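Each reported figure results from applying straightforward, stated rules to the coordinates on display, with no laboratory input. As the structure is a prediction and not an experimental result, all values here were calculated from the model. Methodologically, a virtual Cβ is constructed for each residue, glycine included, from the backbone with ideal geometry; neighbour enumeration extends over all protein chains shown.
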Amino acid sequence: MSLYNRIGLLTIAITLGCNCSVLISKVNAQGLGNAPYSSLGMGELYTDAFAASNGMGQAGVSTASSFEINNLNPALWIRNKFTTLDFGAIGQYKQINSGSDKQTNSGGNLGYVALSFPVAKRWTLGVSIKPYSFVDYTNTTTRNVAGTPFNAYYYNSGKGGVNKASLTNAVQVGKYLSLGLETSYFFGNVRRSTEALIPFGDGSDYLASINDRTTYSDFAFRGGAALRLPVKKDNKLFLNVGGAYTLGTKLNAIHTTSFELTQGSYPVIEPDTLVNQSNGNMTLPTQFQVGFSFEWPYKLTLAADYSHQAWTEYRSFGSNNPSSGLKDVNRLHLGVEYTPKFGSLSYFDNVRYRAGFSAGNTPYVVKETNVKDTNFSLGFTFPMGRGYQNFVSISFIGGQRGVMGTGQLRERYGRVSLGLTLRETWFVKQKID
């Protein structure tokens with residue numbers, strides 16, 4: 001690799017890394033559009049999967065290629081023998097139904113930025129930053145003010161999210177086993193507001209507002225292991241087995257609550273801070289993922305994963321009791337990737353085609369009924385550049401969450417996950433024959 005190209009790639013990585021937290025924080029305010037369920041727990045969660053894995057139903061805990069980064073298992077970063085820069089974005093269109101009411105909305109966000117490079121033959125180091133969760137909801141209710149002909153209008157809203165910056169170390173142990181450790185720093189804030197408007201018809205409307213802001217920060221850890229076992233001679237078929245485990249952690253939290261009462265646009269009393277930077281924590285649950293796959297190198301991969309996240313362990317700020325309405329999440333992920341003829345002179349023979357399926361429950365419970373989520377996906381990776389060493393990956397995901405007639409909201413969504421992968425060779429000593 002030339003010095004010019006190396007400096008260019010480093011410049012891109014450093015620039016994205018320095019600005020990524022700002023970009024994520026700004027875009028995270030929009031999330032992926034209105035998400036009513038984000039009012040529960042710590043909000044809607046983003047998947048750890050990058051664009052390629054999204055096309056396989058978020059399956060891939062056991063298998064990875066050397067072409068792009070697989071973030072589902074820290075141990076699989078060892079498969080990246082080139083210095084690899086991955087950049088991703090995600091967009092969503094959603095239709096929400098509740099009885100006869102219907103709403104459509106859309107949104108987008110920066111998906112991830114990751115840089116991986118081999119420090120030694122059996123050691124790969126990686127850094128990444130991505131959004132972890134987002135809160136974005138608004139709802140309105142109306143109630144009569146007792147003893148009066150007037151109605152009070154209640155507005156509840158929330159904005160914000162939590163981001164994750166990670167350092168990953170992956171090592172090869174022996175011929176078949178790889179191990180990985182991801183150290184992550186969580187940061188971000190969530191703002192929630194409750195307002196009550198009482199109109200009296202003479203222009204003297206009263207508005208009472210309670211505003212909460214909680215800022216989060218702390219470290220968390222995730223470990224992984226992967227086995228790649230040859231089944232046929234000449235490495236024509238591999239059986240892959242992998243798993244990842246995320247430790248539960250308590251995020252440090254600083255909470256502030258303020259109160260305002262106005263009549264028309266004028267304050268009735270001075271704004272008051274009810275809680276000023278109170279220290280506490282929020283407990284994130286443990287998670288484990290296991291999977292296996294059959295891999296015909298550069299031809300076909302069949303993968304199946306199972307994931308479990310113990311959301312009954314979640315504790316909100318200042319609470320030592322289980323959070324009501326949250327249940328453990330169990331999901332099944334199935335995926336396939338096919339390359340017609342790797343190394344062919346035909347461009348489309350080198351395109352990688354993917355399909356996937358994912359089903360399971362969410363953490364949310366409505367009227368004692370768990371909210372289910374099922375989706376299907378299609379994905380493509382298109383090679384580009386000299387020698388086809390760089391790639392553009394795009395995945396389409398369509399699914400449904402919730403069922404009408406059970407008191408739940410029904411959400412039908414379509415997502416697009418777009419990834420750009422740039423690869424170069426670093427740390428290779430030149431040899432003179």
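How many nm is it between the label spots at Thr140 and Val416, if each spot is 7 Å from the Cα in line with the beta carbon?
Rounded to a tenth, the inter-label distance reads 3.1 nm.
Positive end of the dipole of the chain, charges at C-beta (+1 Lys, Arg; -1 Asp, Glu), about the Cα centre: which of Phe82, Gln389, Pro297 has its Cα farthest in that direction?
Selected residue: Pro297.
Please report the relative contact order for the chain, taking Cα pairs under 8 Å with a sequence separation of at least 6, and give it as a percent rounded to a whole number.
Numbers: 1286 pairs, mean separation 74.4, N = 433.
Relative contact order, the chain: 17 percent.
Between Ile210 and Tyr176, what length in nm is gained on full extension when 0.36 nm per residue of separation is reduced by their alpha carbon distance?
6.5 nm
Using a/c under 1.5 as the rounded threshold, could you call region 186-331 rounded, prolate or oblate? The axes a ≥ b ≥ c are square roots of the C-alpha gyration tensor eigenvalues, and prolate needs a/b larger than b/c, oblate otherwise. Intermediate results must be reported in sequence, preceding the final value.
On the way: a/c = 4.07, a/b = 2.94, b/c = 1.38.
Prolate, because a/c is 1.5 or more and a/b exceeds b/c.
Tell me which trypsin sites (Lys or Arg not before Pro) from region 37-123 have a DSSP coil assignment and no more than 12 other beta carbons within 10 Å of their own. Display every interim value, and only then the final one.
Working: sites: Arg79, Lys81, Lys94, Lys102, Lys121, Arg122; in loops: Lys81, Lys121, Arg122.
Listed in order of number, the matching sites are Lys121.
Name all residues of region 204-237 having a backbone nitrogen under 11 Å from the label point set 7 Å from the Cα of Gln263 along its Cα→Cβ direction, giving them as ranges.
Of the residues in region 204-237, 204-207 have backbone N under 11 Å from the label point off Gln263.
Quick check: pseudo-label points 7 Å beyond the Cα along Cα→Cβ at Thr374 and Leu247, how many nm apart are they?
So the two model labels end up 3.9 nm from each other.
Add -39500 (n - 2.57) for each DSSP H run of 4 or more in the chain, then divide by its residues: what number comes out at 222 nm, to the nearest 500 deg cm²/dmol? Numbers along the way, then the final one.
Numbers: 2 runs with 30 residues, N = 433.
So the calculated ellipticity at 222 nm is -2500 deg cm²/dmol.
Checking the table Lys81/Lys250; Lys81/Lys159; Lys159/Lys327; Lys94/Lys327 against a 29 Å threshold on Cα-Cα, which pairs fail? Write down the numbers at each step before the final one.
Values: Lys81/Lys250 35 Å; Lys81/Lys159 40 Å; Lys159/Lys327 23 Å; Lys94/Lys327 24 Å.
In this structure, Lys81/Lys250; Lys81/Lys159 lie more than 29 Å apart at Cα.
Suppose the chain between Val365 and Gln389 were pulled fully straight at 0.36 nm per residue; how much longer would it get relative to their current alpha carbon spacing? Please list the in-between numbers first.
Values: separation 24, 0.36 × 24 = 8.64 nm, distance 4.60 nm.
Here the segment from Val365 to Gln389 would lengthen by 4.0 nm.
Under a straight-distance cross-link criterion of Cα-Cα below 15 Å, which aspartates and glutamates are reachable from Lys236, leaving out those fewer than 8 residues away in the same chain?
Glu295
How many percent of Cα pairs in region 251-380 exceed 19 Å?
70
At a 10 angstrom cut-off on C-beta neighbours, averaged per residue, how do the peptides 239-245, 103-109 rank from highest to lowest?
239-245, 103-109
Using the structure shown, list the pairs from Lys121/Lys175; Lys121/Lys164; Lys175/Lys233 with a Cα-Cα distance above 22 Å, or answer none.
The answer is Lys121/Lys164.
Applying a 10 Å radius around every beta-carbon, put 358-368, 379-389 in order of their mean neighbour count, most first.
Details: 358-368: 17.3, 379-389: 14.8.
The packing order, highest mean first, is 358-368, 379-389.
Report, in debye and to the nearest 20, how large the dipole of the chain comes out about its Cα centre when Lys and Arg carry +1 and Asp and Glu carry -1 on their Cβ.
Roughly 1860 debye for the chain.
In whole Å, largest first, what are the principal axis extents of the Cα atoms in the chain?
Projected onto the principal axes, the Cα atoms of the chain cover 93, 45, 40 Å.
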